[in-house]
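The values are calculated or read from the model by the stated rules, or taken from the named source; none is laboratory data. This one's a predicted model, so the numbers in the text were calculated from it and none came from an experiment. Ideal geometry is used to build each Cβ from the backbone, glycine not excepted, and the neighbour counts take in all protein chains shown.
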C-alpha cells in the first residue's frame, strides 16, 4: 500500500525559471506547474505528501515560502532539501533520509519527478516506486527503463498510484504465507 507520495520540486511542482538566481521564494514571479494544485488537492486526503529537492539556494523554510506564494504549502507536510540533509539526489543516503523522515519503508513510498537520473534512477535504487513525469514526451535513457510509470500530465498520477497498489496487492497474494514479502517498486 502506498502511504506517501514524494514530489521533486523544480519543474514537477514549481516552474524552475533557469534564468533566475537565488532562492525561488525571492523571485519576482513564481508559478506552480500546470495541474499540480488539483492533483495535490485530490491526493492530500489519502496520502502523505512531500517535496524532495536538490535546491542549492533554498532550505526547507525558503521552499515552504515559495510554495506558500502559490497556495501549495497546505498540501505538503514534509520538505526535504539537499542543503539541509547534506547529500543530494540520486545518492541513496538522500532517499534514506527521506524515508527516515516519513517513517516509512521504501515499498510504501512513490517518487514523482522529471529528472530521470536524480528522481527516477535514484529513487528506484533506494527501493521506492517511481513515476517519471515526462511532459515533453522525451525518450527514456538508452539503458533499460527503470521507472514504474510514466506520465505526461500530472492528472495521470492518481491512476499510476492506483496501479502500484494493485500490483503490490497482487504480489502479496502470490507471496508465500508468513513471509510478508513486499515489492520494492515493481
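Listed values, structure above:
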{"quantity": "Cβ-Cβ under 7 Å pairs, at least 6 apart or on other chains, region 55-78 side in contact (Cβ under 8 Å) with a residue 24 or more places away in the chain, far side assigned to a helix (DSSP H, G or I) and loosely packed, with under 14 Cβ neighbours inside 10 Å", "calculated": "75/41"}
{"quantity": "Residue selected from region 17-36 under the condition crowded, with 17+ Cβ neighbours inside 10 Å and under 30 Å from residue 107 (Cα atoms), by the criterion nearest to the chain's Cα centre (by Cα)", "calculated": "36"}
{"quantity": "Residue selected from region 123-138 under the condition over 23 Å from residue 162 (Cβ atoms) and exposed (fewer than 15 other Cβ atoms within 10 Å of the Cβ), by the criterion modelled with the highest pLDDT", "calculated": "136"}
{"quantity": "Within region 97-122, considering residues that are touching a helix residue (DSSP H, G or I) at 6+ places or on another chain (Cβ under 6 Å) and over 17 Å from residue 1 (Cβ atoms), the one surrounded by the fewest Cβ atoms within 10 Å (Cβ to Cβ)", "calculated": "97"}
{"quantity": "Any hit, region 159-177, residues being at pLDDT 95 or above and within 19 Å of residue 14 (Cβ to Cβ)", "calculated": "no"}
{"quantity": "Residue list for region 90-124, restricted to those being in contact (Cβ under 8 Å) with a residue 60 or more places away in the chain and farther than 26 Å from residue 45 by Cα", "calculated": "115, 118"}
{"quantity": "Qualifying residue in region 21-31 (condition: closer than 28 Å to residue 1 by Cα, in contact (Cβ under 8 Å) with a residue 24 or more places away in the chain and not in a loop (DSSP other than H, G, I, E, B))", "calculated": "no"}
{"quantity": "Residue 114 being within 20 Å of residue 36 (Cα to Cα) and modelled with pLDDT of 95 or more", "calculated": "yes"}
{"quantity": "Residue in region 139-157 that is nearest to residue 120 (Cα to Cα), counting only those that are in a loop (DSSP other than H, G, I, E, B) and at pLDDT 90 or above", "calculated": "147"}
{"quantity": "Odd one out for residue 119, checked against (1) within 14 Å of residue 161 (Cα to Cα); (2) assigned to a helix (DSSP H, G or I)", "calculated": "(1)"}
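Here's the yes/no breakdown for (1) more than 13 Å from the chain's Cα centre (by Cα); (2) over 16 Å from residue 119 (Cα atoms); (3) not in a loop (DSSP other than H, G, I, E, B):
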| residue | (1), (2), (3) |
| --- | --- |
| 38 | yes, yes, yes |
| 41 | yes, yes, yes |
| 50 | no, no, yes |
| 55 | yes, no, no |
| 63 | yes, yes, yes |
| 68 | yes, yes, yes |
| 83 | yes, yes, yes |
| 87 | yes, no, no |
| 90 | no, no, no |
